[in-house]
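None of the figures in this text is laboratory data; all of them are computed from the coordinates on show. Keep in mind that what you see is a predicted model, and the values were worked out from it rather than measured. Every residue, glycine among them, receives a Cβ derived from its backbone with ideal geometry; neighbour counts consider all protein chains shown.
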Amino acid sequence: MILAIASGKGGTGKTTVAANLALAVSSDRAAQSGAEVHLLDCDVEEPNAALFLRPAIQQRHGVGVWIPEVDFDKCTYCGRCAEVCQYNAIAVVERRVLVFPELCHGCGSCTLNCPEDAIREKLRVSGVIERGQAKGPVHFAQGILNVGEAMAVPVIRQLKQWVIPKETDQVLVILDAPPGTSCPVVESMRGSDMVLMVTEPTPFGLHDLRLAVEVARDELGLPVAVVINRDGVGDEGVDRYCEAEGIPVLMRIPLDRRIAEAYSEGQPMIEALPEYRQRFVNLHQRIREVAGQ
């Protein structure tokens, strides 16, 4: 099963839920069947799941986008490459070809359509992906976007291709998605079996939850469930919305100073408060029920 954990806004506790769910399920499965649990930190602009899982990184390599490189001995400056580029990443001005790497999405249209075979591709490294073993045991992987880079999607896509097993029936893959509803979030959710939204019971939380549900359920057609963090503050708007939309609320985490203190020290909730271990195991069971429905 591939589970994306997302949120319409930052700071809702998405990574807290992802890390503790991975640790609880992995220890439970290790005691029963030894099935694998993978956690992929897809928030490549600001990955922080490693702060809780403290993995030993074993593999790492650079990733990026294949951008065009022009062979000027063959180029006739016909402008066909610029015509087919949907991102304005290449331009032909008189007898000059200008390539703008930051705009290139690596689609390869310019290379395929060049009548003179004058364009080849070279890798422009925009980040790294790495994986290793975390406690639990959890198979951990993350992407890290280079500072100043604008496009996170290629790093996320290559991270998923590198790590996610082809067969996931007996495997739990948790994707810790970036916050918001932009392209990196869509790429993180794509291909998942279900999306678990982490929100807080405030007007801001409700507003951003609505947007995130529209992307996951209405645009991608994925089943959605909710975890309410910091339960007990705010109002009942999130509950009324979930009830009206038929979205199940699978878990509530109260506003608890002990949880905040553990978080500030990089300590998983299920270690600081052992009573939560079984609650996260139960959350996994409810997730599988919803996904099956």
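Below, the figures for the structure above:
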| quantity | calculated |
| --- | --- |
| Sequence of Thr76, Thr199, Thr12 once ranked by neighbouring C-beta atoms within 10 Å, starting from the fewest | Thr76, Thr12, Thr199 |
| Ranking of Leu209, Leu123 by count of other Cβ atoms within 10 Å, fewest first | Leu123, Leu209 |
| Antiparallel content of DSSP bridges confined to the chain, in %, to 5 | 50 percent |
| Under DSSP loop assignment and at most 10 Cβ neighbours within 10 Å, longest trypsin sites (Lys or Arg not before Pro)-free interval of the chain | 167-293 |
| Residue-wise HN-Hα coupling along region 8-14, computed from phi with Karplus coefficients 6.51, -1.76, 1.60 (Hz; x: Gly, Pro) | x, 9, x, x, 8, x, 4 |
| On Cα atoms only, tilt of 275-292 relative to the major axis of the chain in degrees | 60 degrees |
| Folded to 0 to 90 degrees: helix 203-213 orientation relative to the chain principal axis, Cα | 60 degrees |
| Kirkwood hydrodynamic radius of region 133-191, Cα pairs, Å | 12.8 Å |
| Dipole magnitude (debye, nearest 20) for region 116-171, charges at Cβ of Lys, Arg, Asp, Glu | 220 debye |
| Value in Å of the Kirkwood radius, where the chain supplies the Cα pairs that are averaged | 20.6 Å |
| Unit charges at the beta carbon, dipole of region 118-252: most positive-side option, Leu172, Leu145, Ile247 | Leu145 |
| Options Gln278, Gln86, Gly108, ranked by Cα towards positive dipole end of the chain, top entry (Cβ charges) | Gln278 |
| Estimated dipole of region 81-219 in Debye, rounded to 20 [Cβ of Lys and Arg +1, of Asp and Glu -1, Cα centre] | 380 debye |
| Spatial extent of region 50-152: Rg and Dmax, with the Cα atoms as the point set, Å | 18.6, 61 |
| Cα point-scatterer Debye curve for region 65-125, base-10 log of I(q)/I(0) at q = 0.11, 0.14, 0.19 Å⁻¹ | -0.19, -0.30, -0.58 |
| Those Cys residues of the chain for which no other cysteine Cβ falls under 4.7 Å | Cys42, Cys75, Cys78, Cys85, Cys104, Cys107, Cys114, Cys183, Cys242 |
| Exposed chymotrypsin sites (Phe, Trp or Tyr not before Pro) absent - longest run of the chain, DSSP non-H/G/I/E/B, at most 14 other C-beta within 10 Å | 88-293 |
| Check: the chain dipole with +1 on Lys, Arg Cβ and -1 on Asp, Glu Cβ, in debye | 520 debye |
